[in-house]
1. I'm checking my understanding of the structure. Among residues of the range 69-98 that are among the charged types (D, E, K, R) and surrounded by fewer than 17 Cβ atoms within 10 Å (Cβ to Cβ), which one is nearest to His194 (Cα to Cα)?
2. Identify all residues within the range 249-267 that are among the acidic types (Asp, Glu) and more than 20 Å from Leu305 (Cβ to Cβ); write none if there are none.
3. Out of everything in the range 20-47 that is closer than 15 Å to Gly68 by Cβ and among the charged types (D, E, K, R), what residue ends up being surrounded by the most Cβ atoms within 10 Å (Cβ to Cβ)?
4. Take Ala17 and decide whether it is more than 30 Å from Cys155 (Cβ to Cβ), at pLDDT below 90, open to solvent by less than 40 Å² (accessible area, probe 1.4 Å) and not in a strand (DSSP E or B).
5. Would you mention how many residues in the range 172-187 are open to solvent by 20 Å² or more (accessible area, probe 1.4 Å) and of a type in the set (D, E, K, R)?
Amino acid sequence: MEHNHRAIVNAVREGTALSRIDLSRSSNLSLATAKRVVDELLERGMLEEGEALRGPGRGRKASALRLGSRYGFSVGADVQPDSLRLTGLAFDGTVIYRRELSPDTDDRDSLQGLLVAELRRALADSSAASRGSLLGIGVGIAGLVDAREGVVLYCPGLPGWENAPLASTLGECFGVEVLVDDAVRCMALAEKRHGAARGLGTFLYLYIGSGVGSGIVLDNRIYRGTNGVSGEFGHITVKEDGPLCTCGNKGCLEAVVSARAILERARELVAAGVHSTLGADTAGSPDQALSLEGIYQAALRGDKLATMLVAEAEESIGIGVADLINIFDPGTVVLAGEVIETFHGLILEGIQKIVRRRALHVISQRTVIMKGAFETNIASLGAATLVIEQILGNEVLNL
Ligand SMILES: [Zn+2]
């Protein structure tokens, strides 16, 4: 996409300028050029005329421009070991399709077949809702991904996906460009475009749920690293002799604070005889239905074991965040994932305190630590957003 066109669409998209006069100023174009570019974008359907702008100095003809609602749509999918989610996203940012299901298989061929079938369904429904055409497909997956080649390298919870050329396989099926990326990076992009990190050029997105990962956004780009696997926040060591991690190391953050790790530690302590209301039956065995929510509620009631579990998670996450802040000075840290969402009433302030205690004062006092804007998994929204970014020629993906 041409530079001037991109500048104008992005200014409208970010809401920083809406009239032709404002757009010419914000993109450093002459008014005549801005008007010509706007006319071409209206012709293409990327922009639409909106309502009349009012206010001093506005000509009678000044009208707000907005993104074209019929320009087209993208579909994003999020492939996790226990769930498949899909989002249809119109070019103007409206969500037009949403679906979530729990596949009963982890066999790669069956799962890929299901993904294709669900994409077809999402495309048909989104197409009917948008009255526009398909712009592309994005897929977020829980694992290591070579986003430049669209190849899944390794997924700890999804056996058989090693070196799967997912982008080309789906591209042949659907005849459009397919982008594949790590699910946590997709989530970071969704927060940047639609959520808590809107308008921020630099921030860290830290996901603490079934796994632990991060999206590093530096100067409006997702930082990918030399091998495309940057941001493996879950595998920094926080306990020298801690539990064994799936990566083979001991005491990784993921082995200590992932949802599964917290539940395992709770069960172990109850089984070892630590008194707690979490040991619900008379033999003192852990409640079979033990959940993060159960631990949170018990901690609110003053249960000592539950309180300790929350404090331990807080400490380990706080140490990890303090280290990252010292390295990146990101200004904003967005925390998300099941552990943060469930515990946040107890944990967020604690993490902030630990970071203030451990990170360099001059950095920590200027860093905002906040919870993500979305309650549920947003990787499919982020995957759909990847496609729109790519079309607009934004280098946010850093592919
Ligand atoms: Zn590890």
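1. Only one residue tops the list, namely Arg98.
2. Within the range 249-267, Glu254 is the sole residue that qualifies.
3. Glu40
4. Values: more than 30 Å from Cys155 (Cβ to Cβ): yes; at pLDDT below 90: yes; open to solvent by less than 40 Å² (accessible area, probe 1.4 Å): yes; not in a strand (DSSP E or B): yes.
Against the criterion (more than 30 Å from Cys155 (Cβ to Cβ), at pLDDT below 90, open to solvent by less than 40 Å² (accessible area, probe 1.4 Å) and not in a strand (DSSP E or B)), Ala17 qualifies.
5. Qualifying residue count for the region: 3.
Residues checked against (1) in contact (Cβ under 8 Å) with a residue 60 or more places away in the chain; (2) of a type outside the set (Phe, Trp, Tyr); (3) within 20 Å of Ser380 (Cβ to Cβ):
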| site | (1), (2), (3) |
| --- | --- |
| Gly150 | no, yes, yes |
| Pro159 | no, yes, no |
| Ala164 | no, yes, yes |
| Thr169 | no, yes, yes |
| Glu172 | no, yes, no |
| Val178 | no, yes, yes |
| Asp182 | no, yes, yes |
| Ile222 | yes, yes, yes |
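Residues checked against (1) in a loop (DSSP other than H, G, I, E, B); (2) touching a residue at least 40 places away in the same chain (Cβ under 8 Å); (3) surrounded by fewer than 16 Cβ atoms within 10 Å (Cβ to Cβ):
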{"site": "Met308", "(1), (2), (3)": "no, no, no"}
{"site": "Ala313", "(1), (2), (3)": "no, yes, no"}
{"site": "Ile317", "(1), (2), (3)": "no, yes, no"}
{"site": "Asp323", "(1), (2), (3)": "no, yes, no"}
{"site": "Leu346", "(1), (2), (3)": "no, yes, no"}
{"site": "Ile354", "(1), (2), (3)": "no, yes, no"}
{"site": "Phe374", "(1), (2), (3)": "yes, yes, no"}
{"site": "Ala384", "(1), (2), (3)": "no, yes, no"}
{"site": "Ile388", "(1), (2), (3)": "no, yes, no"}
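Yes/no matrix, rows are residues, columns are (1) out of contact with any strand residue (DSSP E or B) (no Cβ under 7 Å at 6 or more places or on another chain); (2) within 16 Å of the ligand (Cβ to nearest atom):
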| site | (1), (2) |
| --- | --- |
| Gly201 | yes, no |
| Leu206 | no, yes |
| Gly211 | yes, yes |
| Leu218 | yes, no |
| Arg221 | yes, no |
| Gly225 | yes, no |
| Phe233 | no, yes |
| Thr237 | no, yes |
| Glu240 | yes, yes |
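The values are calculated or read from the model by the stated rules, or taken from the named source; none is laboratory data. Only a predicted model underlies this, so the values are computations on that prediction, with no experimental measurement involved. Cβ: placed from backbone, ideal geometry, glycine included. Neighbour counts: every protein chain shown. Surface areas here come from the heavy atoms of the whole protein model, side chains and all, with no ligands, DNA or RNA. Shrake-Rupley method; radii C 1.70, N 1.55, O 1.52, S 1.80 Å.
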